[in-house]
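Written out below as structure tokens is the structure these notes cover.
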Amino acid sequence: MNNRFTDRRWVPGLAAGLGLIPPPIRARARFAVFQGDPLFAGLHASEATEEDQRSYRVTPHVCYPSHLNGRPRAERLLTLVLTGFDDYHGSPFVAVHEFGHLLDYSTGLSHAAVAYCDYAATSRDEAYASAFTQWVWERNPLPRAADQWQDSGGLDQSDRWYFDWLAVA
Ligand SMILES: [Zn+2]
């Protein structure tokens, strides 16, 4: 695994998305980037995501170190896997959502966010990443990509305070 960008199509959306995140929060997550087929590289034992059975091959996602048991111990880093590029997956919205997973892990999986939309309700981890994305979009009122994460209600106040605090602490 390495941190080289072999497919530069991802760069504009990542740069725009990560640029929306307050620097104190951005600095909390240290992670590796992997581009390519995650199954071929041995990152996953199975192909389907837990949430909705999309293939890891074609879905950007985050691997926790404990997920990477097919890799040498020294390579078991928190990893952002960029795969399945299209206009939506390469959007700032998806970059911010995936950063939410990196932030969640980097803060010890210590905050249980309220699921504010259907996708967020699929798991504790998706609740966190979706709440983080919603919080970023509240602060940066930009157009959303057409996607399944339509805003279906406001962010829970306790989550707003939690992310506000991370941004200054
Ligand atoms: Zn997610």
Based on the Cβ-Cβ distance of Arg139 and Arg8, what FRET efficiency does E = 1/(1 + (r/R0)^6) give at R0 = 22 Å, to the nearest 0.05?
0.20
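Quick one: work out the % antiparallel among DSSP beta bridges in region 8-163, nearest 5.
Numbers: 4 of 8 bridges.
So the antiparallel bridges amount to about 50 percent of the total.
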What per residue convex hull volume, in Å³, comes out for region 8-163 when only alpha-carbon positions are used?
109 Å³
Specify which residue in the list Trp10, Pro72, Phe132 is farthest towards the positive end of the charge dipole of region 8-163, using unit charges on the beta carbon of Lys, Arg (+1) and Asp, Glu (-1), about the Cα centre.
Pro72
Three-way shape label, region 59-109, alpha-carbon gyration tensor, a/c 1.5
oblate
Within 10 Å, count the other beta carbons around each residue, average over each peptide in 95-103, 28-36, and list them highest first.
95-103, 28-36
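We did not get these values from a lab; they are worked out from the coordinates using the rules stated. A quick note: this is a predicted structure, and the numbers were derived from the prediction, not measured. Counting neighbours? That spans all protein chains shown, and the Cβs are built from the backbone with ideal geometry, glycine included.
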